Amino acid sequence: MEIINHFLHQGPDGRAAEYSKIVRGVNVELPQAATVLVVGGGGRCHAIVDALSRSPKVARIFCAPGNAGIASQAECVPIKDNDVEALKAFAVDNGVDLTVVGPEAALAAGIADSFAEAGLRIFAPSKAATAIESSKEFAKKLMEKYGIPTASYRSFIDYGSAVEYVRGHSYPVVLKYDGLAAGKGVVIASCFDEACAALKDMLDDNVYGGDSKVVIEEFLEGPEFSFLCFVDGERVYPMLLSQDHKRAYDGDEGPNTGGMGAYTGLPFVTEADRDFALHSIMEPVAKAMVAEGRPFKGVLYGGLMKCRDGIKVIEFNARFGDPETEVVLPRLRSDIYDIFSAVADGRDLHTVSGFENGIQWSDEPTIGVVMASKGYPAHYEKGFEIKGLERFADAADAAGSAGVAGSAGAAVAGAVGAGNVVLSGATDVAGAGNFDGVRVYHMGTSFSDGHYRTAGGRVLIVVASAPSLSEARDKAYRAVSQIDCPNLFYRKDIGHWALSGAGNG
């Protein structure tokens, strides 16, 4: 079915409407299909491109800058994700109907405002609205003002004052760099010396950037989970809950990373918990942003914690999470292009055909295991060959085509590599079982000399779905075992909070 869908929705030259008539043999006129630009290049954007490729309303997908895996489903364009003027010019020149933004760098650069001023449709929050992520202090003040549950805090711009504050603080204590830090600007200090070292990094040495401000929070205990929602201003459309694994090593040990894996289907979050999170956190925050003159349109990500005294906010992000997106979107059964369009246009999604009963999702849980370069999140080397990906390749691309749909993409695809789409397949590998329902999203890869190679800290995420979470976990790790690269490592306990029952206490 995945093979049929690839041609049905994309077509080898991007003409979805024409190819849908050929494949189905139905003599009907379909509406003009859209051209979409996805901004970004990691696993999150690969998952977004994958979801868009399943929409019969999308004829052509560009991705800037994309990566070697994305090149099998979209036309990759060598434009940096924060080069707003170049992206805007490309969208105009190529008749892009809708732009979807993945990473925070583009949002912080004001891409939504720039595109809107040019009359271009875009799924992304304004620069003013992204302050909910780009400034931890702004988010804390917002929650304090509107009574949204979160940890107590103080903010500092002076190293000496911050040191005096933590000298008398209980431990552990949480230190957060105020600005954007690619998910790595948080330190949980267990003692005074650790706190001082982190404060020096953040305030004196500018390790995370030039914004010399830090938020110091009380340490909360409990399982964390992620709640991603589509927001069109005041209306909030919830996605499925997921849990990320931030620490680099098994047992939640080691330094914080951008995320080493994730899963959906959280037994420790009850329906009452979920309803509280939606109605007492996510919806009030959306309304608060409107009241503050910063209406939020896009994906609002709530990083939440189930504490002994209830659900509290750890952080907000103004975009799809990574790796949460890679485990949430494979469960989406509704047309994501309709969702993006409705949010971008400020239309009530429930008035769109097919959404009368809300967004539809698969019942099967998913789990994703990140394969990262050895040394990540610190120093790591690139360029190592990755073997075994062909075991998961769609037969539609078995010939090794670039997967680039049209002349514009053909000219630039080589800049990021080409090759088989590595998404789903049912290939039986001796001793490994059936891999139906497995997707491999590329996070940081390149393609050269006929081989995929490592090109980032996080390189791949292997995602599996199954009737139960334990089955999905087993399938994901069987798939991981078939991928061979001497410089990759991965956690072996993704999903442990759910599968061990640790989060149910």
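Quick check on Phe219: is it touching a Pro at 6+ places or on another chain (Cβ under 9 Å), closer than 25 Å to Asp273 by Cβ, buried (at least 18 other Cβ atoms within 10 Å of the Cβ) and at pLDDT 95 or above? No; evaluated as a whole, the condition is false for this residue. Taking the numbered list (1) closer than 22 Å to Tyr301 by Cα; (2) of a type in the set (A, V, I, L, M, F, W, C); (3) assigned to a helix (DSSP H, G or I); (4) touching a residue at least 24 places away in the same chain (Cβ under 8 Å) in turn, Phe138 passes all entries but (4). Of the residues Glu234, Glu253, only one is closer than 30 Å to Ser341 by Cβ and either without any contact (Cβ under 8 Å) to a residue 24 or more places away in the chain or of a type outside the set (Val, Ile, Thr) (or both); which? Going through Glu234, Glu253 in turn, the sole match is Glu234.
Of all the residues in segment 83-105, those that are surrounded by fewer than 24 Cβ atoms within 10 Å (Cβ to Cβ) and either at pLDDT below 95 or in contact with a Gly (Cβ under 8 Å, 6 or more places away or on another chain) (or both) number 4.
It is to be established whether one or more residues within segment 83-102 are within 21 Å of Lys176 (Cα to Cα) and outside the structural domain of Cys307 (by TED's automatic domain parsing).
Applying the first criterion (within 21 Å of Lys176 (Cα to Cα)) to segment 83-102 yields none.
No, the conditions are met nowhere in segment 83-102.
Just name the residue that is surrounded by the most Cβ atoms within 10 Å (Cβ to Cβ) out of those in segment 160-207 that are among the hydroxyl-bearing types (Ser, Thr, Tyr) and farther than 27 Å from Ala105 by Cα. Walk me through it before giving the result.
First, the residues of segment 160-207 that are among the hydroxyl-bearing types (Ser, Thr, Tyr): 161, 165, 170-171, 177, 190.
Then keep just the ones that are farther than 27 Å from Ala105 by Cα; that gives 161, 165, 170-171, 190.
Numbers: Ser161: 12, Tyr165: 15, Ser170: 8, Tyr171: 13, Ser190: 12.
For segment 160-207, the residue satisfying everything is Tyr165.
Screening Ala108 on (1) buried (at least 17 other Cβ atoms within 10 Å of the Cβ); (2) touching a Lys or Arg at 6+ places or on another chain (Cβ under 6 Å) shows it passes everything except condition (2).
Is one or more of the residues making up segment 77-95 touching a residue at least 12 places away in the same chain (Cβ under 8 Å), assigned to a loop (DSSP other than H, G, I, E, B) and at positive phi? Yes: segment 77-95 contains one or more residues that are touching a residue at least 12 places away in the same chain (Cβ under 8 Å), assigned to a loop (DSSP other than H, G, I, E, B) and at positive phi.
Applying the condition of being surrounded by fewer than 16 Cβ atoms within 10 Å (Cβ to Cβ) and not charged (D, E, K, R) to segment 129-158 and asking which residue is farthest from the chain's Cα centre (by Cα) yields Ile157. Of the residues making up segment 421-459, those that are at pLDDT below 85, assigned to a loop (DSSP other than H, G, I, E, B) and under 22 Å from the mean Cα position of the chain (by Cα) are Val421, Leu423, Ser424.
So is Ala182 of a type in the set (A, V, I, L, M, F, W, C), out of contact with any Leu (no Cβ under 6 Å at 6 or more places or on another chain) and either within 13 Å of Val214 (Cβ to Cβ) or at pLDDT 95 or above (or both) or not? Lay out the reasoning, then the answer.
Details: of a type in the set (A, V, I, L, M, F, W, C): yes; out of contact with any Leu (no Cβ under 6 Å at 6 or more places or on another chain): yes; either within 13 Å of Val214 (Cβ to Cβ) or at pLDDT 95 or above (or both): no.
Judged against the criteria, Ala182 is not a match.
If you check Val290, Val299, Val313 for being closer than 30 Å to Gly110 by Cβ and in contact with a Lys or Arg (Cβ under 6 Å, 6 or more places away or on another chain), only one passes: Val299. Screening Gly409, Gly375, Gly388 for residues that are of a type outside the set (S, T, N, Q), touching a strand residue (DSSP E or B) at 6+ places or on another chain (Cβ under 6 Å) and either surrounded by fewer than 17 Cβ atoms within 10 Å (Cβ to Cβ) or at pLDDT 50 or above (or both) leaves exactly one candidate, Gly388.
Taking the options Phe340, Phe320, name whichever one is more than 14 Å from Asp232 (Cα to Cα) and within 16 Å of the chain's Cα centre (by Cα).
Phe320
Look at segment 461-485: where a residue is surrounded by fewer than 19 Cβ atoms within 10 Å (Cβ to Cβ) and a partner is among the hydrophobic types (A, V, I, L, M, F, W, C) and modelled with pLDDT of 95 or more, sitting 6+ places away or on another chain with Cβ atoms under 7 Å, you get Tyr477/Val369.
Out of segment 312-360, which residues are on the phi < 0 side of the Ramachandran plot and exposed (fewer than 15 other Cβ atoms within 10 Å of the Cβ)? So that I can check it myself, show each step before the final result.
Of all residues in segment 312-360, those on the phi < 0 side of the Ramachandran plot come to 312-345, 347-353, 355-357, 359-360.
Arg333, Asp345, Arg347, Asp348, His350, Thr351, Ser353, Glu356, Asn357, Gln360, listed by residue number.
For the subset of segment 196-221 comprising residues that are of a type in the set (Gly, Ala, Ser) and within 19 Å of His169 (Cα to Cα), which member is nearest to the chain's Cα centre (by Cα)? By that ranking, first place goes to Ala198. Might you let me know whether segment 24-36 holds any residue that is hydrophobic (A, V, I, L, M, F, W, C) and either at pLDDT 95 or above or farther than 26 Å from Arg333 by Cβ (or both)? Yes: one or more hits. For Ile148, are the conditions met, namely being among the β-branched types (Val, Ile, Thr), part of a loop (DSSP other than H, G, I, E, B) and closer than 25 Å to Val285 by Cα? Here the answer is yes, as Ile148 does meet what is asked. Within segment 115-128, restricting attention to residues that are touching a residue at least 12 places away in the same chain (Cβ under 8 Å) and assigned to a loop (DSSP other than H, G, I, E, B), the residue that is surrounded by the fewest Cβ atoms within 10 Å (Cβ to Cβ) is Ala118. Just one residue in the set Ala118, Ala108, Ala124 is of a type in the set (A, V, I, L, M, F, W, C), touching a Leu at 6+ places or on another chain (Cβ under 9 Å) and over 21 Å from Asp211 (Cβ atoms); that residue is Ala124. Could you say which residue among Gly209, Gly222 is without any contact (Cβ under 8 Å) to a residue 60 or more places away in the chain, at positive phi and not in a strand (DSSP E or B)? None of the others qualify; the one that does is Gly209.
When each of Val214, Val186, Val166 is tested for being in contact with a strand residue (DSSP E or B) (Cβ under 9 Å, 6 or more places away or on another chain) and within 20 Å of Gly321 (Cβ to Cβ), the lone residue that passes is Val186. Residues that are acidic (Asp, Glu) and either in contact (Cβ under 8 Å) with a residue 40 or more places away in the chain or assigned by TED's automatic domain parsing to the domain that holds Arg247 (or both) within segment 159-196 comprise just one, Asp178.
The values are calculated or read from the model by the stated rules, or taken from the named source; none is laboratory data. Every value quoted in this text rests on a predicted model; they were computed, and no experiment measured them. Methodologically, a virtual Cβ is constructed for each residue, glycine included, from the backbone with ideal geometry; neighbour enumeration extends over all protein chains shown.
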